[in-house]
Structure formats: structure tokens, C-alpha cells
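A quick write-up on the structure given underneath.
What follows draws every value from the coordinates through simple rules; no lab data is involved. Because the structure is predicted, anything quoted here is derived from the model rather than measured. Note that we place each Cβ from the backbone using ideal geometry, even for glycine, and neighbour counts take in every protein chain shown.
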Amino acid sequence: MSTENEGTAVPPAPSAPPVPVASPEASRPHPTSDAGAPTTPLPPTPSAPPSAPPPAAPGAAGAAPVSAAEAGWPPPAPSAPPQDPYAGAPQAAHPGHPGGPTAGGGADGAGAWPPPPPATPSYADPGAGAGTAEGVGGAGGGSDWGTTYAQHPAPKAGRGRGGLVAAVLVAALAAGGLGGGLGYTLAKNDDTSGSTTVSASDSGGSVKRDPGTVAGVAAKALPSTVTIEAESTNGEGGTGTGFVFDTQGHIVTNNHVVADAVDGGKLTATFPDGKKYNAEVVGHAQGYDVAVIKLKSAPSDLKPLTLGNSDKVAVGDSTIAIGAPFGLSNTVTTGIISAKNRPVASSDGTGSNASYMSALQTDASINPGNSGGPLLDAQGNVIGINSAIQSASSGGLGSTGQAGSIGLGFAIPINQAKYVAQQLIKTGKPVYAKIGASVSLEESAGGAKISDQGSGGTEAVEAGGPAAQAGLKSGDVITKLDDRVIDSGPTLIGEIWTHKPGDKVTLTYERGGKTHTVDLTLGSRTGDS
């Protein structure tokens, strides 16, 4: 916020009145012979001040009065004002703006009252008054959002600058009054009905939004999203999001959204129109972090969201996320696909139940409560399920802490989630692809190392499984799956789970300093145990 002349001393007035600045009208061509001439000199200041001092500038209440002799303003009007074809024409006034047009001003400023302000003396501070004409930033000063107009200090008595401000404001007021008067007269003369009311249009134009806009996508997708509230038998729970998967009332969401209500808890789903339905868990896949619930007494007009093809998504594609961040239902945010095939291992907070995914990374704002909501493309097709965020406060993924978005959100690709959801609806249990070998979950840049021992003391390489048939052994380090680089055990698991049982893949591994390649067919495992 800037204030006029703040911190700048005003120099004393000159002994003789300065020559007034030409009115903006001077720049307009005039038919008379003296059209382009500079301003007409003012007559000498009378020896005695006029009987009435010049009007004070608005906002200068309390300032010491300024006599006409001190201010040198205003001069007497010339006895014979020059003829100006533009005299008396209404001018657009900018209230309080030094140098703005004055009502009725001609090329030399005569014929207007008050006359145009005097020019700034050559000794004046060249920076004085910059950016202060309207109380907000101008040259050399920025205008902050929400900045209010500053109250300017009152002009000091005995200073020509004070007279300038007063004269300018008076001129502005006179111009405003003239413009308003002419406007009223014209309106009155043209109105045959006797009414002087001028009505504005009651329409701001068409508000129809194209289907491809964010507003159009949101309007179509929001009615098919729900806010899910899950509560365990002991009263604990949370809020998440889901979306309509079919017309039978199945809703797809994250496993960690409904986990509290799996064993006898309470589950509800609320649509944007406020209609709430009780629901039950049909099936949940902790490893995939996908779950399906079904509405009880589902309405007959459900509209499933269209599923896209996450394999066709490209980095830079637009994204739209819908969810209930921090309980704020029906929130829409936008961003882009920041990366694909991002290896992510998320946890439910206990450290014992991890989920693995080869995720879509997006910078759309995703927060706690967005979990389970759809990640849409620019056409409104579901390309992923929002599942995890990078937490700056804890440094981990899928943290239960109430960290906010830092632009690193991760979604389960819809091609994978669709397969899982269909399995859950069909059997109530998830089906996982596998290679039949246990790998170390330690983070390392070398790859996924096959452990020396499996969970519960079992063999690291399952007898008769795909890995055993391909000749893999404990200590082998898997570095690639097809063309995907594998840098750790969690990365390998996430990549395997993007496939279906029965898919054929090529593994690249290292043993004894040598690189080997082998083809194998993925096996299957049912359930999370």
C-alpha cells in the first residue's frame, strides 16, 4: 500500500505562479489557428486575495486553511475566453486522478472552472506522487490483493502542492457533476414514457459448459461419486470416497477406507444430493488396496462412471480428482499426470499391512479423505483410484497423519483396479499374480533379491512354482520384468500385480556377477493370507 508523498518533504512554493499544464484536450486537433499552441499564460496574481479561499481537498479535514496568496490559486478567469469548439463537451473524469480531463476544458484550459492545475515545478521530486493517484500501487509499487485505498495525508498550509491537490479534486468533482447532469438530460429527452430508469441486461450470457471443460466433467461425474463413512464396532473410523461401478449398486473404493467396517462395523455412502444409503463390504483386497461395497436399497437411476484405459495415459495428460479431503465432500481438484509406473508401497499405519502398486503419479491436490475417489482424464473417464500421498511431515506414503497435499499423489491404475473389483464382486476374494518366490523388502538400487528364507520359515523359492520352473534360486537379484527396471522388492511386487495370473513375462536377473534372462508364466494366489 502506498500513500501520497509519504516520507518526502515538499519544497516551498515558487515566488511566481507556475504555468498551468495543458488540458488533455490540447492533444486533440482544433480547427482554429492557435489549435496546437501551448497553454495561455495566466494573468498575474492579484495583489489582494479573493474573498473566498479555494475549496479544500476532500480528506483534508483539520488542515490549516490556505489563503489564495499562499497557494497562488486559482487565478481570475480571462475576460474573453478563446473560442473552443469542444468547450462544454462532457469529459470522462477519473476522480482524484491528477492530470485527468476537466469538464469543458479547451486547448489552453480556458473556459473551464476550476481551470487546469499548474504544472509540477521543475524542482519537485520526480518520484513524488508515483503510484498514489488512487491510493493503490502504480509506478514503482506493487498492488497487493485485498489492498484498501489509503487515506492520504492532508496537504500542508502554505505549500503549492496542497493547492494542486485541492484544485485537481475540485476539477474532478466539477467534471463528474457535469457528466452526470448531461447524462440525466439526455436520458430525460430520449425517454418518451417519462421514466428516467435505465435497466441493465438481466443475463450475463450463456452458462452452458462444454463437456470437455473441467466444469463439464465435474458436473457429469459428481452425481456418481459418494462420500463413505466407515465406523468400527468400537466407534473408530474415518471418511473416504468411492464411485459407482455398475447399476446394481456396487461402489469401488480403497481397502483402507472401509477396513474399519469389515468385521461388523457400520458403513454409509452419501451422494452429492444428500441422499445417504447404508452399505456392506462385498470384498476387499488389502494388497491391492481395493475394495467393493454395495448399497442397500440402491436407487434404480445409478449412472456408473466410464472407465478409461490407464495403459494409454501419457505424462502431461490432464487429470481431475474428486473426493472429500478432510471431510469436505464433493471437492474437485485438477492437475496432470506427473509420472507413470511409479513404485509405491503404502501402509494402513500399523506397518503390518502393506499395499504395493505401480502407480499413476499426479499433482492434483489429494488429501486425507480423497482416498478411493476417481482420478479422471479430460474426457471424464476414470483412469485411476486415488490411494496414497507423499507426506512431508512423516516422509512416508499412505501416512495416517493429517498431512496436506504437496503435489505428490498416487493412484491405482484403473486397468488393475477393474480386474480386482470384478474378482471381488464375483468371489468376494482377491486373486494375485505371483512368481512363487520371496524377495527382500529392503530398499536398494540393485534390484529385488530373492530371500534366503520365506515367511514363516518356508522355502524362499516355492517348489514347483513359476520361479522354480524357471531355475531361479535364493540370492538371485531380479533387475528387470519385461522392459521395466526393478530396483527393489516392493517395485517387483507392484509390477507383478499389474499382470493377471497366466500372463507370460520375461525376467532379467543377476547371479555370480553374470546377467541372465528367462521367461516364465505367472501363477496365482487367492486371498490376502
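Mind listing the phi-derived Karplus ³J(HN,Hα) values for region 254-265, rounded to whole Hz, using 6.51, -1.76 and 1.60 with θ = phi - 60°, and x for any glycine or proline?
Rounded to whole hertz, the list is 8, 4, 6, 6, 9, 4, 5, 9, 5, 9, x, x.
Dipole of region 401-484, Cα-centred, from +1 at each Lys and Arg C-beta and -1 at each Asp and Glu C-beta, to the nearest 20 debye?
Details: 8 positive and 8 negative charges, 86 e Å.
It works out to roughly 420 debye.
Going down the table (LYS276/LYS426; LYS294/LYS449; LYS220/LYS296), which pairs top 32 Å between alpha carbons?
LYS294/LYS449
Under the 0.36 nm per residue contour assumption, what length would be gained going from the current alpha-carbon distance of ILE406 and ALA219 to full extension? Don't jump to the answer; show the numbers that get you there.
Working: separation 187, 0.36 × 187 = 67.32 nm, distance 2.63 nm.
Between ILE406 and ALA219, full extension yields 64.7 nm more.
Sticking with the crude label model, points 7 Å out along Cα→Cβ, report the distance from ASN309 to ASN234 in nm, one decimal please.
Taking the simple label geometry, ASN309 and ASN234 are separated by 4.8 nm.
Evaluate the relative contact order of region 248-350 (contact order divided by residue number), counting alpha-carbon pairs under 8 angstrom at least 6 apart; express in whole percent.
Computed over region 248-350, the figure is 22 percent.
Could you give each residue of region 330-336 its phi-based ³J(HN,Hα) in whole Hz, using Karplus coefficients 6.51, -1.76, 1.60 with θ = phi - 60°, and x for Gly or Pro?
Listing the rounded values in order: 6, 8, 10, 10, 10, x, 9 Hz.
Under the Karplus relation 6.51 cos²θ - 1.76 cosθ + 1.60, θ = phi - 60°, what is the ordered set of whole-Hz ³J(HN,Hα) values for region 270-276, x standing for Gly and Pro?
With coefficients 6.51, -1.76 and 1.60, one gets 10, 7, x, 7, x, 6, 10 Hz.
Tell me which residues come under 5 Å, amide H to amide H, from GLY283 once H is placed; ignore anything under 5 positions away on its chain.
VAL292
Among PHE245, VAL226, THR213, pick out the residue whose Cα is farthest towards the positive end of the charge dipole of region 202-286, where Lys and Arg carry +1 and Asp and Glu carry -1 on C-beta, about the Cα centre.
THR213
Scale the Cα Rg of region 224-329 by the rule-of-thumb value 2.2 N^0.38 Å and send over the ratio, two decimals.
So the Cα radius of gyration is 1.09 times the expected 2.2 N^0.38 Å.
List the residues, sorted by chain then number, that are 5 or more residues from GLY238 or on another chain and whose placed amide H is less than 5 Å from its amide H.
Under 5 Å from the amide H of GLY238 lie the amide H atoms of ALA230, each far enough along the sequence or on another chain.
Please compute, for the alpha-carbon atoms of region 298-339, the extent along each of the three principal axes and give them in descending order in Å.
Cα extents, longest axis first: 37, 26, 11 Å.
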